[in-house]
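K.L.:
Here it is: the structure, laid out below.
All of the numbers you see were taken from the coordinates with simple rules; none came from a lab. Computed from a predicted structure; not experimentally measured. Glycine also receives a Cβ, built like all others from the backbone with ideal geometry; neighbour counts cover every protein chain displayed.
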Amino acid sequence: MRGLVPVRFLPRGKSRGGLVPWVIAVMMYLCGLAMVAGLSLQGALAGWASGLERKATVQIVEPDPDASRRIQRAALATLRTMPGVEAVRVLPDDEVADLLAPWLGADVAQAGLPVPALIDVTFAPGRRVDMGAVRARLAARAPGAEIDDHARWLGRLYDLSALLQTLSWAVVVLVLVATAAIVVFGTRAGLASQQRAVRIMHLMGAEDRTIAGEFQFQALMDGLKGGLGGTVLCLITLYALSRLVQGIGGGLLPQLGLGGPALLALLALPLFAALLTLITARWTVMRTLDDLV
Amino acid sequence: MIRFENVGKRYGMGAEVLSDISFTLEPGSLHVLTGPSGAGKSTLLRLLYLDQRPTRGSVQMFGHDVTRLARRQLPAFRRRIGVVFQDFQLLDHMSALDNVALPLRIAGDLPEERIQGFVRELLSWVGLGDRLNAKPPTLSGGEQQRVAIARAVIGKPDLLLADEPTGNVDPSMAQRLTRLFVELNRLGTTTVIATHDLTLAESIGGARMQLAHGQLLAVGGGGGAPRVAGAPVPPQPADFGGF
Ligand SMILES: Nc1ncnc2c1ncn2[C@@H]1O[C@H](COP(=O)(O)OP(=O)(O)OP(=O)(O)O)[C@@H](O)[C@H]1O
Ligand SMILES: [Mg+2]
């Protein structure tokens, strides 16, 4: 305490606005969420997309079951002989029905509707596959089988994720700027309410940094308290969110869970908030004191 | 030694409140600054305790022209000056002890136990040994004044300034406080006391500096620059002289 604050001269307790740590907590909560979103979007979408990049789906829409089976066999034979193809798998009818269920209802199979045949294709990792060639071979040997490599969809996904990431970091920056502004206002209010004490210290020969000392210590405590509060709220929210994602059955949704970097960033948040409030308060006090002779 | 040369001071765009002020204060001298209300006594003291810079002229203090010093060099000079403000300017949320300890804590070159020891000693010396932990609002005017004086002298300043130091107390208390200042001056501190109370000025003795309409008319002290009131007397109260 004595080491951090050279001379104590401000009243303790109620004269200080007890609101500042709360506002900082809310700010740090938003900051933490945006930060985690930015960091985990990066990881989750990259992982997810690389999985999808290695996959393609062959679809055979043929109402006649015999014809459909023939095309299926031809397509399988063609794909298996192609370089770069690691695995092919015909989706069983009930899996296809499951996939369609959300759109067509649970009893598609019973309804006797023609169900498309789907073949999952997995490419070997780390190989560029010429989709044009695959497409041409299929057209020649198994007409009626269409391959979809998700390229268009993936492209949009990338654009979306890039946008969301940019947005997340913009939110982080804006929240930090707003936090600094709050600290400036809070410190100015503190300086104004303690104008007399500040002036007396000044006239007794206190250096500016001595006077700034107690203000910046208080700001540091506010930042630490607010930062801790925000981080705890953040962790609770993320835990609830990850439970929710698991409940949905998360094959499709990117893991929103905390990766190492995101967790580190969250745990560092209180310290970072404290540093930000300290520096901001010091700067504010020093600038105000400059107006004295 | 302190020397004002052709010092002028105006506030903002107003007329000069002080004009062509020149004087010299010898080390250890005692001065009484008198003049009617509005003559500029407080303004002159503000220049002395470096709260304001003059608008012209030079102020030599402790071997430097303080009008030419950078802002960041002034605190070290202020720490050599003790000021008793007309309205005391004590911090109401701090005990008498903490108020008096402030200058030593600001100077920061004594450990806290020694600071406490000195402060207790000095507060006892001014008769407040039993009010160490009282907050200023619970003290009488005279008691507050003694706390203010104790705070001004605790750091053994080279220059002691007092602005109407007896403005708020009855005549007998005024006499006691006056004796306190004279006593402190005898310990070697250059002292300037501003008052418009001529009776008080008489009883203090010392060299008279008389202000009228922003001009300094030196009286007493044998013309010219005000001089030391009496030969410095060796420190008397052993307990106070001890630090
Ligand atoms: N901060 C200020 N801004 C503008 N004018 C001021 C300021 N302080 C003092 N003055 C003016 O300067 C003149 C001298 O004021 P000062 O306070 O020095 O007088 P004084 O001799 O101490 O009077 P008093 O005996 O009433 O305390 C006055 O005319 C006053 O109005
Ligand atoms: Mg005055």
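K.L.:
Check cross-link reach from A:Lys55 to the aspartates and glutamates: straight Cα distance under 20 Å, and skip same-chain residues fewer than eight apart.
P.N.:
Excluding near neighbours in sequence, the set is A:Glu86, A:Asp93, A:Glu95, A:Asp98, A:Asp120, A:Asp130, A:Glu146, A:Asp148, A:Asp149, A:Asp159.
K.L.:
Show me B:201-207, B:159-165, A:163-169, B:8-14 ranked by packing, highest mean number of other Cβ atoms within 10 Å first.
P.N.:
The packing order, highest mean first, is B:159-165, B:201-207, A:163-169, B:8-14.
K.L.:
Evaluate peptide A:186-197: per residue, the Cβ atoms of other protein chains within 10 Å of its Cβ; return the mean as an integer.
P.N.:
Counting other chains' Cβ atoms within 10 Å and averaging over A:186-197 gives 1.
K.L.:
Still on this structure, I have one more. How large is the helix-only mean residue ellipticity at 222 nm for chain A, computed as the sum of -39500 (n - 2.57) over DSSP H runs with n ≥ 4, divided by its residue count, in deg cm²/dmol to the nearest 500?
P.N.:
When only DSSP H runs of four or more count, the value is -24000 deg cm²/dmol.
K.L.:
As an exercise, take the mean of 1/r over every pair of distinct alpha carbons in chain A, invert it, and state the Kirkwood radius in angstroms.
P.N.:
Details: mean 1/r = 0.0416 Å⁻¹.
Hydrodynamic radius (Kirkwood, Cα pairs) of chain A is 24.0 Å.
K.L.:
Which distance in nm do the two modelled labels at B:Gln116 and A:Leu163 give, with both placed 7 Å along the Cα-to-Cβ direction?
P.N.:
Going from the B:Gln116 label point to the A:Leu163 one covers 6.6 nm.
K.L.:
Per the helix-only calculation at 222 nm, which mean residue ellipticity applies to chain B, given -39500 (n - 2.57) for every DSSP H run of n ≥ 4 and division by its residues, nearest 500 deg cm²/dmol?
P.N.:
Result for chain B, helices only: -9500 deg cm²/dmol.
K.L.:
By how many nm would the segment from A:Leu264 to A:Ala151 lengthen if fully extended, with 0.36 nm per residue of separation less the alpha-carbon distance?
P.N.:
On the way: separation 113, 0.36 × 113 = 40.68 nm, distance 3.41 nm.
Between A:Leu264 and A:Ala151, full extension yields 37.3 nm more.
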